[in-house]
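What follows draws every value from the coordinates through simple rules; no lab data is involved. On a predicted model such as this, the values are computed, not experimentally measured, just so you know. Note that we place each Cβ from the backbone using ideal geometry, even for glycine, and neighbour counts take in every protein chain shown.
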Amino acid sequence: MPLADGPRVAFVVPRYGPDVVGGAETLCRLMAENLAAHGTSVEVLTTCAVDHFTWADHHPEGTTMENGVPVHRFRVDPERDGGRWLDLHTQIDLRMPTGPADQLEWMGQSVWSPGLQDAAEDAGRYDWLVCMPYLFGTTFWAAEARPERTALIPCVHDEAHAWVPAVRRMLGAVRGNMLNSPGEGELLAQLAPGAEARLVSVGYDEVDPPPDAAVTAFCEARGIAPGYLLYAGRREVAKGLPELFDAYARFSAGRPDAPALALMGRGDLRPPDAIADRVIDLGFVPDEDRSAAYAAASVLVNPSRLESLGMVGLEAWLAGTPSLVNGRSPVLREHCRMSGGGLWYDTPQELVEALDLMTGDAAMRRRMAEAGARYTRETFSWPAVRERFLGALEDWS
């Protein structure tokens with residue numbers, strides 16, 4: 001089927017749906033829904049899982065229509081050995097030697113689905129597989145089957161797993177890589193020199209910050225005061241939360257008026273006892289309330305260095321809230337530098353000092369948030385993203 005008639009696109013992702021917390025998964029859902037709403041033939045191939053630790057089947061197997069997108073869910077391979085995967089994953093994380101057989105077994109014991117793989121290999125059904133993120137078996141094996149018709153949205157970070165030879169070969173073997181940021185492109189050029197790549201990213205609608213009434217209602221419904229510091233995302237060590245907990249303890253020590261620290265998202269990592277009574281657990285916040293949650297915060301703090309885009313920062317800017325980010329993430333630092341929408345820190349002490357500076361200057365926070373919102377609207381408009389996405393597929397055909 002020629003692309004002049006419109007490509008038939010299958011997004012391949014390990015988890016999918018509004019109940020899933022994760023940047024790549026959210027990007028996939030937003031992209032699929034927007035493309036479908038504007039006339040592109042889009043379907044999603046995913047597993048029945050929601051929990052990215054257990055990968056237990058949660059949703060029933062089958063097809064549902066979700067916000068205009070056909071979603072095909074398949075059972076996770078019942079024979080995968082999660083313990084063996086964890087052993088190999090840890091070995092790679094510790095940069096211990098792994099040979100080709102171990103690398104393939106690592107992906108073989110990762111999350112994947114025989115039913116999903118069969119659907120991905122059906123060349124008569126889809127013109128393109130768009131797989132994300134790079135780290136999972138669903139992506140690896142789909143890309144292995146049809147590399148010439150696979151575009152990756154790798155969401156790659158500078159971590160040990162990205163440097164595994166099997167991963168680097170995949171990045172270079174597919175027809176193209178759709179990047180989220182220039183910083184990700186710099187890393188890809190090191191991982192897979194000569195790999196085809198285009199900056200595509202994700203889009204945002206032209207929206208105003210939520211009205212004061214919505215923010216007030218959000219806070220009253222949860223019995224909290226506005227002005228808190230906000231962390232949004234998965235609660236994991238890899239996302240830098242221990243560093244944030246330690247900095248918040250130092251920042252709030254001896255300051256009864258210090259704003260609370262709110263956590264939005266899912267995960268089992270709990271704050272230390274010393275600050276637990278000053279930490280608000282917002283849990284999973286549905287889409288319709290998320291803008292108010294951002295707007296009620298004084299500062300969004302992102303302590304992660306492993307980011308390919310940093311969607312929460314863009315969302316916070318549109319809601320009227322500035323960012324404070326880990327300067328060891330080239331992606332996050334560059335967003336703040338280019339937009340003027342926030343500050344970055346390089347050391348734990350700088351994080352504490354930046355918290356003190358930003359919470360004490362409301363006018364500066366307002367200027368930063370406005371600058372960040374302008375940057376987001378100019379750089380990540382949906383029409384521009386759709387044009388980049390479809391243009392890449394057309395050029396790679």
Open item on the list: Ranking request for peptides 65-74, 132-141: highest mean number of other beta-carbon atoms within 10 Å first, then the rest in descending order.
Closed with: 132-141, 65-74
Open item on the list: Of all beta bridges DSSP finds with both residues in the chain, what is the antiparallel percent, to the nearest 5?
Closed with: 15
Task: Spin-label model distance (nm) - residue 173 vs residue 378, 7 Å beyond Cα toward Cβ - done: 4.2
- [ ] Pick out which of 42, 237, 279 has the largest mean-square fluctuation in a Gaussian network model of the chain, springs linking Cα atoms closer than 10 Å.
- [x] 237
Task: Ordering of 53-60, 107-114 by burial proxy (mean other Cβ atoms within 10 Å per residue, highest first) - done: 107-114, 53-60
TODO: Compute the semi-axes of the equivalent ellipsoid of the chain, taking the square root of 5 times each eigenvalue of the Cα gyration tensor, and list them largest first in whole Å.
DONE: 35, 24, 20
TODO: Can you bin region 220-275 into rounded, prolate or oblate? Criterion: square roots of the alpha carbon gyration tensor eigenvalues sorted a ≥ b ≥ c, rounded for a/c under 1.5, prolate for a/b above b/c, oblate for the rest.
DONE: oblate
Task: residue 145/residue 270 FRET efficiency (R0 45 Å; Cβ-Cβ; nearest 0.05) - done: 0.65
Task: Cβ crowding within 10 Å averaged over residues, with 166-177, 291-302 ranked highest first - done: 291-302, 166-177
Open item on the list: Given the options 227, 242, 329, identify the residue whose Cα lies farthest towards the positive end of the charge dipole of region 212-378 (+1 on Cβ of Lys, Arg; -1 on Cβ of Asp, Glu).
Closed with: 329
Open item on the list: Only Cα pairs within less than 10 Å get springs; with that Gaussian network setup on the chain, which residue of 161, 38, 89 has the largest fluctuation?
Closed with: 38
TODO: Calculate the dipole size of region 37-92 relative to its Cα centre from +1 charges on Lys and Arg beta carbons and -1 charges on Asp and Glu beta carbons; express the result in debye to the nearest 20.
DONE: 80
Task: Most fluctuating residue given options 20, 156, 207, as computed from a GNM of the chain linking Cα atoms under 10 Å - done: 207
